[in-house]
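Notes follow once the structure below has been shown.
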Amino acid sequence: MKKIFFFILLLSGLAAVPVQTVTAQNAISTPESFFGFTPGADGMLFNYEKLIDYYKELDNTSGKFKLVKIGNTPLGRDIFLAIVSSEENIKNLEKLKKINEQLALNTSLTDAELNNLVSEGKVFVYATLSMHSSEVGPTQASPTIAYNLITSDDPETLSWLDNVVFMFVPNHNPDGMDMVVKNYQKYKGTKYEGASLPGVYHKYIGHDNNRDFIVLTQSDTRAISSITSREWFPQVMVEKHQMGSTGVRYFVPPPHDPIAENVDPGLWNWMKVFGSNMITDMTADSLSGVVQSYIFDDYWPGSTETCLWKNTIAFLTEAASARGATPIYVEPTELRVGGKGLSEYKISINMPHPWPGGWWHLSDIVEYEKSSTKAIIKTASIYHDEILKYRNEVAKAEVERGKTQAPNYYVLPTDQHDAGEMADLVNLLKEHGVEVYRLTSNYNDGDYHLAKGDVVIPMAQPVRPFIKEVMEKQTYPLRHYTPGGKIMKPYDITTWSLPLHKGVTSLEINGYSGKLNGLLEKITGDYRMVENPPADYGYCVYPVSENQSFKAAFHAMEKGLKVLRTTKDFNAGNQLLPAGSFLIARSDKLDKINNELAVSPDYFQNIDNIETKEVVLPRIALMETWFHNMDAGWTRFIFDTYHIPYTVVRPGDIVETDLAKNFDIIVFPDENKSVLLDGKYKSAGYYQPRYPPEYTKGIGKKGLEKIMNFVNDGGKVVSWGRSTGLFEGEMKISYDKDKSEVYTLPFRNVAPQLQKQGLYCPGSFVKVNWKQDFPLTLGMQSQSGIFYRGNPVFTTSLPGFDMDRRVIGWFPEKDILMSGYAEKIDLVGKKVAMVWIKRGKGQMVMYAFSPIFRASTPVTYKLVFNALLMK
């Protein structure tokens, strides 16, 4: 109890009130009094700062509540973890935290030790709220949920809080929350009330923040992941979302097939226990439209629920959406479902009590969130002993599987094409709570020849499922609705193999070895492959094979340093310095840049015999629509990370912008052609998005003509994915008012025809051959993988006047799929994945794939960096 207020009550005939019965709960503000409205009220939203102010007040006035800072957002806001439990548990959090760690990681506990920890420990339930900032309900409901828990005198609720520590992140995406609330308030009371936020609700990645929990690129992701991976080790985790408005009202676990095959079966069974109690209690609370085993599968990691692969009982809830805080009316005839789990909007085993339709308010979402949260905490309390025992038992089982089931080790040789990406992979695994080791001497057992310094990842670890999932090549768990019938299509991508996506060589070793274990030394701290430079060096040399070399070069230019690039291969003793490598003269500024690198550069005394050219930093325009353009956001993130300067340009800006005066190159990340050109989505016909009209301006025909004039006069265009469709078909340039030219660029997309023949690739890793000794592929191996969705697929043709083309990347004829799932992928064999086009004085580069996909495919980053630097 943090503050005790003493009241002297002197009333005739009444005994003095004992001090013990007057607690700090009297001083706690209700959400209504603090915010000035009931959370969930029509038209009313609080922002992140006001939310945290309330929780700071609870932290100061209640012994049952604690607020802990856990990190910062990409825009610099603090991220917090709120903790609710009994006063005794709050006082003993550090002790309980250590018990959690023992249960999660100590696989040597005796039965007596385990029983003692179970007796003393508490079930930690961890909730993350409203990571997708337009899904406002879970966060807006949280103050009422917290207040009800800490002020309740209900004996059952008090017993739950004795057994359970409820932790929640009040808002998973504070930057986006403030953007969405500000946008809602801007248009409140106008005809655009409830309009979507223009742009992404995050500094960079918007909705894709729910795809970042393997690669951990964002600071908010890392903060939230650390709770399950390295800090608190909760036994239960729930991620709270919203979904569409015209279907079911609320989804609870379990998910639908397919499910991950590396996860312990007990975790799926525990999901069912929680889900069954949730739908039972929510129905008893007169909440209709609750559904299970519908739409959402659970075969892929990447969401907050990735902790499932680390033995946490992790699941998802989804509430139907209003329009922010604006209610909507849903006609009964508009209610529809489809896909996995429900074929008709009718009473079924997955939805025993359908919602009839009618008005749907934010306050309804709040009620569903209150009920579902209560059911989760109640279930955790009921099964306190079983859940805590299971956490340790599954850890022991995974260690045993690591000893008895192949693979038993993964090895990352230090001799890599891109050593920097290998070092990044090691540090990423460590951030996930994986124990990583290095060999202290050479190892040879006949089948395997490993060198001193190679990195070894033993599989006999509690987090074995996660290691296996992210290190192996993916095989989609194919399931059918009926024997031999339609497949259950994946909800998202089907590949996430870190070695493949990073272009890192990884070896699997089968067979548990005491001899190998004896040669291992645990890696602590950041993993780096660095050496002290010689005293007399004059230049740092950065091989083009490494992404960090481009980072160093761009960073140096940002700092005003002169950067040279080799124009030919150069042999320096036994060392080959390939064409395209970077050379920078020694300086204090460069020392600081090198200190940020995971791998040391090479050091030369002089570069007198090396042929070089100075690198000139281009003026880059980055095209980003207002239509929640996540790929453009990811591109901004990559550019910022690699110190690449750029200016964001919107489609509607093109007509009024002097392109040649301001830019050398325009980058078009993946985006729908109709959005870029017309400011509308196009399916069977055009339909308008929910944005005010100033955000729906496209490039238009005049703007496209202007872009092609820019190219014809010497400008450059880099385009990938769907945006390449902008440049397919008839193009036009004008020389003056009376003279113009119509032409077609020498490439086209044949994916629609191949899809009619059965091509299906939902997001897989496929092989591509790369043209060697060409400026765009400097640093690339002759073959690598790309992340690919099956559209576009290019073919090229003989060029017309004043044009040329070169095929830069093409699919092999067979054995194309490397990881994931695809149907009839051989149809793309010998077709084009990347093409360079010359038009007039300018150049264009077209990619049939996103080379920076979700910042998770470093193996193809160099294709972008080289394009930015092409002469």
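Please give the strands (runs of 3 or more DSSP E) falling wholly within the stretch 738-797 in which 3 or more residues are among the hydroxyl-bearing types (S, T, Y), surrounded by 15 or more Cβ atoms within 10 Å (Cβ to Cβ) and modelled with pLDDT under 95.
none
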By residue number, the members of the stretch 798-841 that are of a type in the set (K, R), buried (at least 21 other Cβ atoms within 10 Å of the Cβ) and not in a strand (DSSP E or B) are none
Contact list, first residue from the stretch 720-744 and over 24 Å from T625 (Cβ atoms), second anywhere and β-branched (V, I, T) and open to solvent by less than 60 Å² (accessible area, probe 1.4 Å), beta-carbon distance below 6 Å, six or more apart or interchain, is E741/I733
Selection from the stretch 511-549 of residues closer than 28 Å to M780 by Cα, among the aromatic types (F, W, Y) and open to solvent by 20 Å² or more (accessible area, probe 1.4 Å) yields Y539
>> Whether any residue in the stretch 308-322 is open to solvent by less than 20 Å² (accessible area, probe 1.4 Å), in contact with a Ser or Thr (Cβ under 6 Å, 6 or more places away or on another chain), in contact (Cβ under 8 Å) with a residue 24 or more places away in the chain and among the aromatic types (F, W, Y) is what I want to check.
In response: no
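Select from the stretch 608-617 the residues that are open to solvent by 20 Å² or more (accessible area, probe 1.4 Å) and closer than 17 Å to L561 by Cα and list them in ascending order.
Taking the stretch 608-617 as the starting set, the residues that turn out to be open to solvent by 20 Å² or more (accessible area, probe 1.4 Å) are 608-609, 611-614, 616-617.
Across the stretch 608-617, the qualifying residues are T612, K613, E614, V616, L617.
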Expected output for the stretch 521-538 (first residue over 13 Å from K430 (Cα atoms) and outside any strand (DSSP E or B), partner open to solvent by 60 Å² or more (accessible area, probe 1.4 Å) and at pLDDT 95 or above, Cβ below 8 Å, 6+ apart or cross-chain) is Y537/R586; G538/R586
Going through the stretch 442-468 in order, the residues found to be in contact with a helix residue (DSSP H, G or I) (Cβ under 7 Å, 6 or more places away or on another chain), assigned to a helix (DSSP H, G or I) and open to solvent by 10 Å² or more (accessible area, probe 1.4 Å) are R464
Exercise for review: Tell me, please, whether a residue that is out of contact with any Asp or Glu (no Cβ under 6 Å at 6 or more places or on another chain), under 14 Å from V164 (Cα atoms), surrounded by fewer than 20 Cβ atoms within 10 Å (Cβ to Cβ) and touching a residue at least 60 places away in the same chain (Cβ under 8 Å) can be found in the stretch 98-118.
Suggested key: no
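Could you run through the stretch 628-638 and say how many residues are open to solvent by 10 Å² or more (accessible area, probe 1.4 Å) and touching a strand residue (DSSP E or B) at 6+ places or on another chain (Cβ under 9 Å)? Talk me through it step by step, then tell me what you get.
Just the residues of the stretch 628-638 that are open to solvent by 10 Å² or more (accessible area, probe 1.4 Å), to begin with: 628, 630-631, 636-637.
Filter again for touching a strand residue (DSSP E or B) at 6+ places or on another chain (Cβ under 9 Å), leaving 631, 636.
Residues meeting the conditions: 2.
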Restricting the stretch 575-628 to residues that are closer than 18 Å to G779 by Cα, among the polar types (S, T, N, Q) and out of contact with any Phe, Trp or Tyr (no Cβ under 8 Å at 6 or more places or on another chain), the one modelled with the lowest pLDDT turns out to be Q575
Within the stretch 188-233, of all residues that are in a helix (DSSP H, G or I) and either of a type in the set (D, E, K, R) or open to solvent by 20 Å² or more (accessible area, probe 1.4 Å) (or both), the one nearest to S497 (Cα to Cα) is R211
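The values are calculated or read from the model by the stated rules, or taken from the named source; none is laboratory data. Small disclaimer: the values here were computed from a predicted structure and weren't measured. Cβ: placed from backbone, ideal geometry, glycine included. Neighbour counts: every protein chain shown. Heads up: the accessible areas ignore ligands, DNA and RNA and are worked out on the full protein's heavy atoms, side chains in. Shrake-Rupley method; radii C 1.70, N 1.55, O 1.52, S 1.80 Å.
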